[in-house]
Amino acid sequence: MIGYSESLNGALKLAADKVKCPTAAACLTDADIDVEELPLDSHPPKVMSWVDSFVVDKKCTDQCLADAAEFIRFMNDDDLYMSILLAQDGVPAYLLPAKASLYSRQNLLNRAHLYPKLRSIIEGSEVPSDLGLNEELRNIGRRIDGDLSKP
């Protein structure tokens, strides 16, 4: 399987589906899976990553700013983040948090052993950035969507 780290979540959810996988012996578990960096050519790979961020509009002041800061503090809480990474269905999300403190949490590693290896793969990654990059990528996506819908 080739995919982003989150693809592991989908594969493990399918394996945990008792209808599609009625016997545990025939199903994948987190312990059955390993990950590798995928070099696409003979040159050393440049690992690319995206980072989700919270931003506050410069027009947001007073109560708006206080509310935004409180929300960001709430979302940055390790325990909240752990509840997102280890969803209620027992299948790890395999999102890659930008918070290094989460990768060593034993309760995470007990259920999602690939986090340290995934971290080592993305640790030296580059985050693409340029003025207008998001809009350019959206335009490219719209063109690709349009091309894919053609007969």
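Please treat every number below as a calculation from the coordinates, not as lab data. Since the structure is predicted, the reported quantities are computational estimates derived from the model, not experimental observations. Neighbour counts are summed over all protein chains in view; Cβ atoms, including those assigned to glycine, are modelled from backbone coordinates with ideal geometry.
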Task: Computed lengthening from residue 57 to residue 110, 0.36 nm per intervening residue step minus Cα-Cα distance - done: 15.2 nm
TODO: Taking the Cβ of residue 49 as the centre, find all other residues whose Cβ is under 13 Å away and add up their charges (Lys, Arg: +1; Asp, Glu: -1).
DONE: -3
Task: Label-point separation, residue 14 to residue 101 (7 Å along Cα→Cβ), nm - done: 3.7 nm
TODO: Only Lys, Arg, Asp and Glu count, each charged at its Cβ (+1, +1, -1, -1), so figure out the dipole size of the chain about its Cα centre, rounded to 20 debye.
DONE: 280 debye
Open item on the list: Between residue 71 and residue 37, what is the label-point separation in nm under the 7 Å Cα-to-beta-carbon projection?
Closed with: 3.7 nm
TODO: State the answer as a single residue: which of 42, 93, 29 lies farthest towards the positive end of the charge dipole of region 6-148, with beta carbon charges of +1 for Lys and Arg and -1 for Asp and Glu, about the Cα centre.
DONE: 29
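Only Cα pairs under 8 Å and at least 6 apart count here; give the relative contact order of region 24-119 as a rounded whole percent.
Relative contact order for region 24-119 comes out at 28 percent.
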- [ ] Please report, in whole Å, how far the alpha carbons of the chain spread along each principal axis, starting with the longest.
- [x] 57, 45, 36
TODO: Along Cα→Cβ, 7 Å out, is where each label goes; now give me the distance between the ones at residue 134 and residue 83 in nm to one decimal.
DONE: 2.7 nm
TODO: Within 10 Å, count the other beta carbons around each residue, average over each peptide in 5-16, 134-145, and list them highest first.
DONE: 5-16, 134-145
